[in-house]
Amino acid sequence: MRQAGILMAISSLPSEYGIGCFSKEAYDFVDALVKAGQSVWQILPLGPTSYGDSPYQSFSTFAGNPYFIDPKALIEKKLLTKKQCDSFDFGTDPKKTDYEKIYYNRFKLLKKAFQKAELKKDPGFSDFVKKNEHWLPDYALYMAVKDSYGGKSWLFWDEEIRLRKKAALKAYREKFAQEILFYEFLQYEFSLEWTKLKKYANDNGIKITGDIPIYVALDSADTWANPELFQFDEDYNPTKVAGCPPDSFSADGQLWGNPLYDWEYHKKTGYAWWMKRLAHCFSLYDIVRIDHFRGFDEYYAIPYPAENARNGKWEKGPGFELFSVMKKELGAKEVIAEDLGFLTKSVLRLVKRTGYPGMKVLQFAFDSREDSDYLPHNYIPNSVVYTGTHDNDTTLHWYESLPAKDRKFADKYLGITTEFSARRKSAGSGSAPDGKQAILSKKDIPWEFIKAAYASVSQLAVIPMQDVLSLGGEARMNTPSTLGGNWEWRMKEGAFTPAKQKKLSELSKLYGRRR
């Protein structure tokens, strides 16, 4: 069935307290998606963010981000008062998340709620802890110990706790019992609120697509609690880390720094940790987009430590075997394979063998020098098309920044006539443009790309919210390989107007994507 969806991070929702969360605005957004004829809401990873605020560098692959807990829900539970919530400065710009203020103030507010919570009287809390005992105790201890070290990475903790000596673990659990309970409370509250929101979306015919990064952060509970899963030496220091080789865009390549998996060990365990990780993801989401799918076929390994990615080499990943085990243990699940970038024949074979749809991005299509797999006439139905992703510029600003030849190609391919291209055409022909030819305004340009995505044969078309709103470069979500200024964009309240909802709904109906 042909479908349409919106890419919109939870953090980008409007809300009263500085960052998008599981508040009334999230439920309003679901209602708006229904009115817009959408079937899918794609979000970014839900994990707790670390330094740099990237949802792709999380302190845990299993935990949820406490920033998304709704202060108003805690007021309703009488764990907080409105006066307490209003007493903290979470930032004043409704179009931007101030992560520094959120970081310094949100946990202070949440701790006040924790101090009033009567967890011993709540059977749901004990059930939650028991259900998640394969990750929650280690995560809560990790965060408590990390706080005691002033936020330092576990690689710089004292040896006894860094290497998880039995006596040290016992001593720290006793010493930080309340802090551990606090982090367990946060995960419990996160789970309650997310489960409620997801159910509301599902009950209204909206599926949630979640994102799973292939790698975990070096500074995470996952690596500290399970060093055997990674390419570490006997002192738990990484021997190799992840990245990308040098190319025409980067002479030094990209040094991501994530620890690499010990795939031989995973194979011996029947990929047990991966099955737990994927099962957890499918409990959170209806559809899972697996980031950097190429890494399961081959991954780029860089010796640690290194200043750049020049001296890495390609090594073999688990291939289809991991997905074969997944299908046997978890059953048929909806997956999107993030297969962007340069793909070898073996990667293409892996994607095809899994049967998962790959991704098509319109912003990658319009290189006037060559034909492209990203041009809609080259798509196959088993694919998901995007105008852009969280790592791309907004379509409007990208279009405005295109080299003249590429923009001319895009105009011709999509039948776009802007005031600029009309002048260009007039100058070339010596006559005025055809009066019947509509001249598009700046705000209309992204909608021509939305139409192209909707008209394509791809089974699912997903549009970033910024493109629906025809926003410029100021609304870009992330610029890869940069620090600062990323992941901050928030939608202004009321920006997704009934008129825009109606326009999307009409396009969904026109191109057979309506729910």
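Values quoted throughout were computed directly from the atomic coordinates according to the rules given, and no laboratory measurement underlies them. Everything quoted here is computed from the prediction, not taken from an experiment. Please note: Cβ atoms are built from the backbone with ideal geometry, for glycine as well, and neighbour counts cover all protein chains shown.
Brief remarks on what is shown
- Net dipole in debye of the chain [+1 Lys, Arg Cβ; -1 Asp, Glu Cβ; about Cα centre; nearest 20]: 1540
- Note on region 303-342: with charges restricted to the Cβ of Lys and Arg (+1) and Asp and Glu (-1), its dipole about the Cα centre is near 140 debye.
- Cα radius of gyration and Dmax for region 69-161 (Å): 16.3, 45
- In terms of the mean number of neighbouring beta-carbon atoms within 10 Å, the peptides 348-354, 186-192, 375-381, 280-286 order highest first as 186-192, 280-286, 348-354, 375-381.
- Value of D in µm² per second that Stokes-Einstein yields for region 294-367, Kirkwood Rh from Cα pairs, at 37 °C (0.692 mPa s): 230
- The H on the amide N of GLU16, modeled in the peptide plane, is under 5 Å from the matching H of no residue at least 5 residues off or on a different chain.
- Degrees between helix 445-455 axis and first principal axis of the chain (Cα, 0 to 90, nearest 10): 80
- Residues with amide H under 5 Å from that of VAL241, placed H, sequence gap 5 or more: ILE302, TYR304
- Taking the C-alpha atoms only, the angle from helix 272-284 to the longest principal axis of the chain is near 60 degrees.
- Projecting the alpha carbon convex hull of region 328-368 along each direction and taking the average yields 3.8 nm².
- Between ASN226, LEU33, LEU343, the Cα set farthest toward the positive side of the dipole of the chain (charges on each charged residue's Cβ, about the Cα centre) is that of LEU33.
- Protection proxy ranking of 240-248, 112-120, by the mean of other Cβ atoms within 10 Å over each peptide's residues and highest first, is 240-248, 112-120.
- Over the chain, relative contact order from alpha-carbon pairs under 8 Å, at least 6 apart, %: 20
- Helix-only [θ]222 nm of the chain, DSSP H runs n ≥ 4, -39500 (n - 2.57) each, per residue, nearest 500: -12000 deg cm²/dmol
- Listed residue (ASN258, HIS280, PRO238) projecting farthest to the positive dipole end of the chain, Cβ model: HIS280
- Qualifying aspartates and glutamates (Cα of each under 20 Å from Cα of LYS199; at least 8 residues distant if same chain): GLU25, ASP28, ASP31, ASP70, GLU76, ASP127, GLU189, ASP211, ASP286, GLU334
- In region 213-322, the inverse of the mean reciprocal separation of distinct Cα atoms equals 14.7 Å; this is its Kirkwood hydrodynamic radius.
- Entries in LYS170/LYS196; LYS82/LYS170; LYS120/LYS170 that, when Cα-Cα distance is taken, lie over 27 Å: LYS170/LYS196; LYS82/LYS170
- Fraction of antiparallel bridges per DSSP, the chain only, in percent to nearest 5: 35
- Multiplying the residue separation of LYS175 and LYS116 by 0.36 nm and subtracting their alpha-carbon distance yields 19.1 nm.
- The residue among LEU197, ALA171, TRP135 whose Cα reaches farthest toward the positive pole of the charge dipole of region 135-197, with charges on the beta-carbon of Lys, Arg, Asp and Glu, is ALA171.
- Close amide H contacts of VAL361 (hydrogens built in the peptide plane, cut-off under 5 Å, sequence separation of 5 or more or a different chain): TYR386.
- Entries of LYS95/LYS198; LYS72/LYS116; LYS207/LYS442; LYS83/LYS116 with Cα pairs more than 20 Å apart: LYS95/LYS198; LYS207/LYS442
- Calculated SAXS-style log₁₀ I(q)/I(0) at q = 0.23 Å⁻¹ - region 183-257, Debye, Cα scatterers: -1.04
- Lysines with Cα under 18 Å of LYS96, excluding same-chain neighbours fewer than 8 positions away: LYS492
- Alpha-carbon gyration tensor eigenvalues x 5, square-rooted, for region 1-148, Å: 26, 20, 18
- Loop-located chymotrypsin sites (Phe, Trp or Tyr not before Pro) in region 1-69, at most 15 other Cβ atoms within 10 Å (DSSP): TYR51
- Summing Cβ point charges (Lys, Arg +1; Asp, Glu -1) relative to the Cα centre of region 289-367 gives a dipole of roughly 300 debye.
- The mean sequence separation of alpha-carbon pairs under 8 Å and at least six residues apart, normalised by the residue count of region 294-409, gives a relative contact order of 19 percent.
- Taking the C-alpha atoms only, the angle from helix 24-35 to the longest principal axis of the chain is near 40 degrees.
- Sequence-ordered 3J(HN,Hα) estimates for region 240-247 from the Karplus curve with 6.51, -1.76 and 1.60 and θ = phi - 60° stand at 9, 10, 8, x, 10, x, x, 8 Hz, glycine and proline given as x.
- Principal axis analysis of the Cα atoms in region 1-73 yields extents of 38, 30, 19 Å, listed in decreasing size.
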